[in-house]
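The values are calculated or read from the model by the stated rules, or taken from the named source; none is laboratory data. Treat the numbers as computed from the prediction; the structure is a model and nothing was measured. Note: ideal-geometry Cβ built from the backbone for every residue, glycine included; neighbour counts use all protein chains shown. Side chains included, ligands, DNA and RNA excluded: accessible areas come from the protein's heavy atoms. Shrake-Rupley method; radii C 1.70, N 1.55, O 1.52, S 1.80 Å.
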Amino acid sequence: MRPAFRQTSRFFATTGKKEIWNLFFVAGILVGGFIAARWLSDGGPVLIAPALASELQSYNITDTRHLLPREIFSWEHLLTLRSFILLVVGGFLVGFGTRYAGGCTSGHAIMGLSNLQWPSLVATVCFMIGGFVMANVLLPFIMRL
Amino acid sequence: MSNKITDFEVQSSDKAGAADTSIRHNFRYLLVGVVFGIVFVKAEIISWFRIQEMFRLQSFHMYGVIGSAVVVGIISVWIIKKSGIKAIDGTPVTFQPKKFHKGQIYGGLLFGLGWAMTGACPGPLFAQIGSGVTVVAVVLLSAVAGTWVYGYLKEKLPH
């Protein structure tokens, strides 16, 4: 077997019974999200910063009744260019980037910093740089698509 | 490259020996997940709007959430280390030092871009779906595809 292939196959060979707790955990997050939205919310709109509200208005986003704007995050808008890029490309970057960085906001920013790990500080700073660049430089173009 | 697995983001520590895979044991993780999910919604951590405010410096909200989580985390890690408290299955809690590699820069930047687009990091995706925005299942599938592509390209990427 070629070394590269062996490495790759080892990367994928992680879904044993031992890792099944992961699935229980994320299923719990889904259930928790349901419980909170269904029974623990007053149904009021999200109060957002006026500057953000006026910027979003220029992209025709005014619905703040949910935690995510329905003008982007809904099945009926999924096939618009704007939503498709944000959901599909954005999702891909979240998955790819998290694995590449060896952790996400929980693993690096919260857990890594709590354990005083400097590589986690590097990762956290890069998360923030990526986010600032997207929100302030790239997103204005994507939102107008 | 040694065969020792150091990437605990992907694989659980082998030190624990035979893992308990019973439903009863895994149910505890489900409960912790439920608490996590409720906090995600109630603290508005899964809100796309709050993430946008954070990256535009328009509100303190997310900085307060992450900052206080880090403070609580530092105290918790310190207590766990000091007291030698055991995990629920009786094994000692060990902390693995993180090794620096370039992926933390390149991957970190890419994740940051995706974070501002979707308004979610991986955990909150599940809470967004649970809270009723079912279209986020598309984001989740795409994120899973992203991790798969990473696995496929891993050896070719700079680390």
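Working only with C-alpha atoms, what are the Rg and Dmax values of region A:16-74, expressed in angstrom?
Rg and Dmax of region A:16-74, Cα atoms, are 16.6, 50 Å.
Along the charge dipole of the protein assembly as shown, pointing to its positive end and built from +1/-1 on Cβ of Lys, Arg, Asp and Glu, which listed residue (A:Leu116, B:Leu30, B:Ala43) has its Cα farthest out?
The Cα lying farthest towards the positive end belongs to A:Leu116.
A:Arg70 accessible area, nearest 10 Å², 1.4 Å probe?
Estimated to the nearest 10 Å², A:Arg70 gives 70 Å².
Where in chain B are the DSSP H helices whose alpha-carbon span along the long axis reaches 30 Å or more and whose Kyte-Doolittle mean is at least -1.0?
B:61-83
For A:Trp21, A:Trp39, write out the residues from largest to smallest accessible area, computed with a 1.4 angstrom probe and no ligands counted.
A:Trp39, A:Trp21
If r is the Cβ-Cβ distance from A:Ser54 to A:Leu121 and R0 is 35 Å, what FRET efficiency results, to the nearest 0.05?
Efficiency, from the Cβ-Cβ distance: 0.55.
Residue by residue, what Karplus-based ³J(HN,Hα) values in Hz, rounded to whole numbers, does region A:140-145 have, using 6.51, -1.76 and 1.60 with θ = phi - 60° and x for Gly and Pro?
x, 6, 4, 5, 8, 5
Between A:Arg65 and B:Val32, take the C-beta separation as r, use R0 = 30 Å, and let me know the FRET efficiency to the nearest 0.05.
0.50
Got a number for carbon plus sulfur as a percent of region B:17-58's accessible area, 1.4 Å probe?
68
Given a 10 angstrom Cα cut-off, can you work out which residue in B:Val39, B:Val139, B:Val77 is the most mobile in a GNM of chain B?
B:Val77
When the helices in chain B are scored as -39500 (n - 2.57) per DSSP H run of 4 or longer and the sum is shared across all residues, what 222 nm value do you end up with, to the nearest 500 deg cm²/dmol?
Rounded to the nearest 500, the figure is -19500 deg cm²/dmol.
Compute, for A:Phe92, the solvent-accessible surface of its heavy atoms (probe 1.4 Å) with the complete set of protein chains present, and express it in square angstrom to the nearest 10.
70
Students often get this wrong, so check it: of B:Lys102/B:Lys156; B:Lys98/B:Lys154; B:Lys99/B:Lys154; B:Lys99/B:Lys156; A:Lys17/B:Lys102, which have C-alpha atoms separated by over 21 Å?
Cα-Cα > 21 Å for A:Lys17/B:Lys102; rest within.
Rounded, prolate or oblate: pick one for region B:27-159, where a ≥ b ≥ c are the square roots of the eigenvalues of its C-alpha gyration tensor, a/c under 1.5 means rounded, and failing that, prolate if a/b is larger than b/c, else oblate. Intermediate results must be reported in sequence, preceding the final value.
Working: a/c = 1.44, a/b = 1.16, b/c = 1.25.
Judged from the Cα gyration tensor, region B:27-159 comes out rounded (a/c under 1.5).
Can you give me the solvent accessible area of B:His101 with a 1.4 Å probe, rounded to the nearest 10 Å²?
Result for B:His101: roughly 50 Å² accessible.
Please give the per residue accessible area of the protein assembly as shown, computed with a probe of 1.4 Å over protein heavy atoms only, in Å². Don't skip to the end; give the middle numbers.
On the way: 15610 Å² over 304 residues.
Using a 1.4 Å probe on heavy atoms only, each residue of the protein assembly as shown averages 51 Å².
If I build a Gaussian network model for chain A, linking alpha-carbon pairs within less than 10 angstrom, which residue out of A:Leu121, A:Leu47, A:Leu30 has the largest mean-square fluctuation?
A:Leu30
Along the positive direction of the dipole of chain A (beta-carbon charges: Lys, Arg +1; Asp, Glu -1; about the Cα centre), which of A:Asn22, A:Cys104, A:Gly32 reaches farthest?
A:Asn22
What accessible area, summed over both chains, is buried at the B-A interface (1.4 Å probe, Å², nearest 100)?
8900
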